[in-house]
1. Please name which of Leu151, Trp168, Pro192 has its Cα lying farthest along the dipole of segment 139-193 towards the positive end, using unit charges on Cβ (Lys, Arg +1; Asp, Glu -1) and the Cα centre as origin.
2. Give me the percent of accessible area attributable to carbon and sulfur for the chain, probe 1.4 angstrom.
3. What are the extents of the Cα atoms of segment 86-158 along their three principal axes, listed from largest to smallest and rounded to whole Å?
4. Among the listed pairs Lys4/Lys181; Lys4/Lys48; Lys108/Lys399; Lys4/Lys108; Lys48/Lys108; Lys48/Lys170, give every one whose C-alpha distance is greater than 30 Å.
5. Taking the simple approach of a point 7 Å from Cα along Cα-to-Cβ for both Ala469 and Asn132, what is their distance in nm?
6. Quick one: length gained pulling Lys170 to Arg249 fully straight, 0.36 nm per residue minus the C-alpha distance?
7. For Ile136, which sequence-distant residues (separation of 5 or more, or a different chain) have an amide H within less than 5 Å of its own amide H, given hydrogens modelled in the peptide plane?
8. Quote the charge dipole size of segment 169-262 about the Cα centre in Debye, to the nearest 20; the model charges only the Cβ of Lys and Arg (+1) and of Asp and Glu (-1).
Amino acid sequence: MKTKKEVFHYGNDHLDMDTALAVAEGRADGQISLEAADRIRAAEAVVKHIAAGDVSVYGINTGFGTLCSTRISAKDTELLQHNILRSHSCGMGPAVSRNIARLMMILKVHALSMGHSGVRLETVERILWHINSQVIPVVPSQGSVGASGDLAPLAHLFLPLIGRGEVWWKDERVPTAKMLKQTGLEPLQLGPKEGLALINGTQFITAHAVTAWDRMRNCLDHADIIAAMSVEALLGSSAPFSEELHQLRPYRGTLRVAGRLRNLLRGSEMLASHARCGRVQDPYSLRCIPQVHGASRNAWIHLGEALDVEMNAVTDNPLIFAPDRAVSGGNFHGQPLALPLDYATLAASELGNISDRRSYLLLDGEAAGLPKLLMKSTGLNSGFMIPQYLSAALVSENKSLCFPPSADSIPTSLGQEDHVSMGSISARRLHTVLDNLERILAVELVLAAQGFDFHRPLKSGPVLEACHARVRREISHAEADREFYVDLETAAGLIRSRELVEISRRVAAESGFSLDGEEDLVRGV
């Protein structure tokens, strides 16, 4: 029996990141409500009236960009809209993933359904057909400066509406004309302003930001789990994670991380065995996990707050407000997302930086009873020396990616667009940093699991024991050198699968508490 999918109503319901991802991945359905359809038709009527009148309104009966003072006759307004799609579709580079292209269409339909863009209902319904039929336009990744909307990528996204460009159809990349011929559909004839409404907007930046936000959430959750495993392996102290300490400096992210660490380390025999040792303080990469991971989590929270606004905004231009009122403004400018994206990039890079330091400590963990390089027989064996080289190389690469594109601006359109956000580059680059971060965390995961083994028969708490057991199902303890890239790729895949996060939450709940530091599920535990 099929489970009934949740339904999201474009233009009416509030869109959040998880809902957008659910629709993009087919776990939820998106529909246009009757109210949204009425708003779309009302704005379309206003645009038709303007196009037939004598008052010049940008993009409806004028040219675009620096050609904004060039008047276009009523009979040429439709050709104008087709030409803008064709002339602006000049992106290059590898195509974005089909999931991101589908998410771009979902975000655009939601914005158009607010009823301020002046497009036809027929056009919105055709985009919905592409979403629901999994006929996904091919969108190059390079070409947007993130200011007058994501012009080039959005032009490619909507070329198929007029029978041009390419699409992914039946798992093949084919010309749109071939797909239309075999489906029996006809290209659309765009009305006044429709081409401009389609290519104006921040949907390229936003789609990348939503998927990066989701990936960063996963990295943050794994970073806490893996760091806690490192604390166990290095017989660190849990005192720096105490609630009373962090209430004196109560940043939201720090409180969250400290609570998670306390719960991850609950019931640990390993830490208890070392409670009265002579060590006064742990190195910063252990002691300051809440402060560093927490600061990165704050950056992630900030990105989420910006996305919550952006995903429910109307970002094309001009916007329709009343039968006699169309306002030309700058809602398409990507700066509100570019800055949080650059902040998130720095935060993701720092998660990798501190993870690498813990990996280094694990290799020199003699004070915690660990053999040098995490292997008993070294000399003939190099142990885990080189995986940390990989981690260091990836950390350095991420540092080089931390220059903020939002600090740059290159004027375009002969100076009409004289300040641009470069937010599209910020968004794409965050994904590159997250790729590297997943691999850095994979190195620490392999090393921390190896360190765990040397403290047997002592056990950790139930959550970390379950996570360690899951790692050991696929990555065995290493007694001698082997091709460690296999283990590292397996660990990275485990992180991307999110299975350790799911296991940790399930085991915590079964043990009577919430991993994320909220109210205990069973009072008194």
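The values are calculated or read from the model by the stated rules, or taken from the named source; none is laboratory data. These numbers were taken from a predicted model, which means no experiment stands behind them. Backbone-built Cβ (ideal geometry, glycine too); neighbour counts: all protein chains shown. Ligands, DNA and RNA are stripped out before the accessible areas are found, and what is left, the full protein with its side chains, is counted by its heavy atoms. Shrake-Rupley method; radii C 1.70, N 1.55, O 1.52, S 1.80 Å.
1. Pro192
2. Taking all protein chains in place, the chain shows 53 percent carbon and sulfur surface.
3. 32, 27, 19
4. Lys4/Lys181; Lys4/Lys48; Lys108/Lys399; Lys48/Lys170
5. Taking the simple label geometry, Ala469 and Asn132 are separated by 4.6 nm.
6. Values: separation 79, 0.36 × 79 = 28.44 nm, distance 5.43 nm.
Gain in length upon complete extension: 23.0 nm.
7. When sequence neighbours closer than 5 places are left aside, the close amide H contacts are Trp168.
8. Working: 12 positive and 10 negative charges, 44 e Å.
The calculated dipole for segment 169-262 is roughly 220 debye.
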